[in-house]
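The values are calculated or read from the model by the stated rules, or taken from the named source; none is laboratory data. Note that the structure is a prediction, hence the values are computed from the model and not measured. A quick note on method: Cβ atoms are made from the backbone with ideal geometry, for glycine too, and the neighbour counts reach across all protein chains shown. Side chains included, ligands, DNA and RNA excluded: accessible areas come from the protein's heavy atoms. Shrake-Rupley method; radii C 1.70, N 1.55, O 1.52, S 1.80 Å.
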Amino acid sequence: VRQEGVDEGDIVKTDGRYLYVLKESGEQISIVDTKGALKEVGKIKAKKNRQIQEIYVMPEEKRLVCIAAVYEEQQLEETAGDNAKKVYIYDEDFTYPGNGGGMSEKIEAVTYEINTPENPKKLGSITQSGYYTSSRLAGGYLYLFSNYSVGNNIDSHKPRTFIPVVNDGLIREKDISLPPFKCGSMYEVVTAVNLDKPSEVADSKAIFTDGGSLYVSNENIYYYETQWSDNGDAEKTVIRKLGYKDGKLSSAVQGNIKGYINDSFSIDEYKGYLRIVATVGETNSVYVLDGKLKTIGSIKKLAKDERVYSARLLGDTGYFVTFRETDPLFSVDFSNPKNPKILGKLKIPGFSDYLHFYGKDKLLGIGMDVEEDAQVTDGVKLSMFDISDNTDVKEENKLVLKNVYSTDVSYDYKAALIDVGRNIIGFTGSTGGGERYYLFSYDEKEGFSCNMSEEINGRSMRSARGLYIGDSLYIVCGNVIEAYSLKDYRKVEDLIL
């Protein structure tokens, strides 16, 4: 997950015994018992016109939440001579003239009791306008995000043509935040649900927007969108902040910075301050904003002609990678929010587009190796940085996977399996022969050790997931689960759902 203490939905979850797997069709969750031989013991089927996007499992509460897109049933008349037939569709990938593909008209969060996994029981559900963008689970409350486009058929006498609906009720006007400038044709809708009362809405807000991204800290929701100029340059990023606690959402506060934010790891809240790493034109900047989203500190014009590829911020120190020809890893001191300082930078070939703290004094980088002369990628690269002295960061060890062209971790951090305590680093890699799953361990003296490199036999539009229970590793891809021993890394069994 992005933020410790804030859970996120995924396509595979476990409670320590059972695997809960979203099948490739998106129409069913399979419940698999891992005790003894792998066996599908239960299932949850989506209702008609629904496609499940992500799931949550709450082991202690014995709850499962599935979030589904609800597709409007559309009617298409096809005429062949004198014979006309009607075709009803709700497949988002289905297209036909005059329609850009099925569009989710709303989303639904359904909560089940899984005290007996073989027989899940529905406890309740809520719906809201728009298509699914994300969700979070914190303190027993589900926070659900959707993007609702207003469309062209606005009737001022019919509020439902331009105001989002939650559980069949209009969002109140006082719960809609409008920016103090002209923009947008859609809303980001936020709903809080107490999972002990899963059919009731605890609170709802809507932000008028032109489309953006989310970062959720332990106390606040940050929704940020970049405004682009006509020539394609990022003029500024507008940030909206909503406080949340125990299902209650506060009204939005707004601020902005110049440039654009690479991803949610480049924005981080700490001690009431928001720290941001952004690319501004042909340079890069670091910003610190206060609780009212006013910029109180900054460092500008860093790494000319490069852009931010990855970042990690923890405590008073932040790290970020820029790239064009070589890979500078910058370290930043945030101990004085009004005066952030660059502590040091390390230039090495290639780049890391994912960073992950690996124990107290180590920073793991996953990215690509680049030949300096030819400027072509040479394979997926693992780097371990020694950050014990943040003014003098060193690349302690590296490993380049030749003929591995990419990894899903570059764009989907949920595809990474990283456990410092177990000394496990796992992810998929694309090779000329297909997808493989790699499992590494790390030692200061020996560097990276590749303990497993196995072909992934499942097929999916989504990234494969690796997860473990005890000494068993499960690789889930599409409708295929493959089990391996974490003692000798041999395949134990598999199951096709």
Fill in: Those lysines that a straight Cα-Cα span of less than 27 Å connects to LYS301, excepting residues fewer than 8 apart in one chain
LYS236, LYS241, LYS258, LYS271, LYS292, LYS338, LYS341, LYS345, LYS347, LYS394
Item to complete: Return, for the Cα atoms of the stretch 424-476, the radius of gyration and Dmax in Å, separated by a comma.
Response: 12.1, 38
Worksheet item: What per residue convex hull volume, in Å³, do the alpha-carbon atoms of the stretch 192-339 yield?
Response: 118
Worksheet, complete the sentence: Reduced to Cα centres, the span from the stretch 403-425 to the stretch 268-290 in Å works out to 26
Response to the item:
The answer for the stretch 368-419, accessible area per residue at 1.4 Å probe in Å², is 48
Worksheet entry | Cα gyration tensor shape of the stretch 329-429, rounded if a/c is under 1.5, else prolate or oblate by comparing a/b with b/c | oblate
Discussion item. Over the stretch 1-79, with the other protein chains present, what is the accessible area per residue in square angstrom, probe 1.4 angstrom?
Written reply: 44
Discussion item. Tell me which trypsin sites (Lys or Arg not before Pro) from the stretch 259-298 have a DSSP coil assignment and no more than 13 other beta carbons within 10 Å of their own.
Written reply: LYS271, LYS292, LYS294
Discussion item. Beyond 21 Å, how much of the Cα-Cα pair distribution for the stretch 294-376 remains, as a whole percent?
Written reply: 31
Discussion item. Give me P(r) over the stretch 373-497, computed from all C-alpha to C-alpha distances, binned every 5 Å, as integer percentages.
Written reply: 2, 10, 19, 22, 20, 14, 7, 4, 2, 0, 0
Item to complete: Calculate what fraction, in whole %, of the accessible area of the chain sits on carbon and sulfur atoms when a 1.4 Å probe is rolled over the protein chains.
Response: 44
Worksheet item: By a straight-distance test (C-alpha under 21 Å), which lysines pair with LYS121 as possible cross-link partners, with residues fewer than eight away in the same chain excluded?
Response: LYS13, LYS23, LYS39, LYS43, LYS45, LYS47, LYS48, LYS62, LYS197
Item to complete: For the stretch 157-255, report the accessible area per residue in Å² (1.4 Å probe, heavy atoms, rounded to an integer).
Response: 49
Worksheet item: Taking H as built 1.01 Å from N, whose amide H comes closer than 5 Å to the amide H of LEU123, not counting residues under 5 places away?
Response: THR111, TYR112, GLU113
Discussion item. Run through the stretch 390-485 and list the chymotrypsin sites (Phe, Trp or Tyr not before Pro) located in a DSSP loop whose Cβ has at most 13 other Cβ atoms within 10 Å.
Written reply: TYR411
Worksheet, complete the sentence: the chain, convex hull of Cα, quarter of hull surface, nm² -> 26.9
Worksheet item: If each of SER472 and LYS491 carries a label point 7 Å out from its Cα toward its Cβ, how far apart are those two points in nm?
Response: 1.7
Worksheet item: By how many nm would the segment from ASP305 to VAL1 lengthen if fully extended, with 0.36 nm per residue of separation less the alpha-carbon distance?
Response: 106.3 nm
Practice prompt. Using only C-alpha positions, report the orientation-averaged shadow area of the convex hull of the stretch 179-256, nm², one decimal.
Written response: 5.8
Worksheet item: What spacing in nm lies between the two simple spin-label points modelled at LYS39 and GLU235, each 7 Å away from Cα in the Cβ direction?
Response: 6.3
Worksheet item: Once the piece of chain linking ASP419 and ASN153 is laid out straight, how much longer is it, given 0.36 nm per residue of separation minus the C-alpha distance between them?
Response: 90.7 nm
Fill in: Cα centre as origin, Lys/Arg/Asp/Glu Cβ charges: the chain dipole, Debye
1280
Worksheet item: Could you give the dipole magnitude of the stretch 120-210 about its Cα centre, charging the beta-carbon of Lys and Arg +1 and that of Asp and Glu -1, in debye to the nearest 20?
Response: 140
Item to complete: Please report, in Å, the Rg and the Dmax of the stretch 214-288, where both are computed over Cα atoms only.
Response: 13.0, 44
Worksheet item: Which Cα, out of ASN218, SER266, SER146, lies furthest along the positive dipole direction of the chain (beta carbon charges, K/R +1, D/E -1)?
Response: ASN218
Worksheet item: Of the trypsin sites (Lys or Arg not before Pro) in the stretch 324-417, which ones lie in a loop per DSSP and count no more than 13 other C-beta atoms within 10 Å?
Response: LYS338, LYS360, LYS402
Worksheet, complete the sentence: Once normalised by the length of the chain, the mean sequence separation of its alpha carbon contacts under 8 Å that are 6 or more apart gives a contact order in percent of 7
Practice prompt. Multiply the residue separation of ARG172 and SER406 by 0.36 nm, subtract the distance between their alpha-carbon atoms, and state the gained length in nm to one decimal.
Written response: 79.6 nm
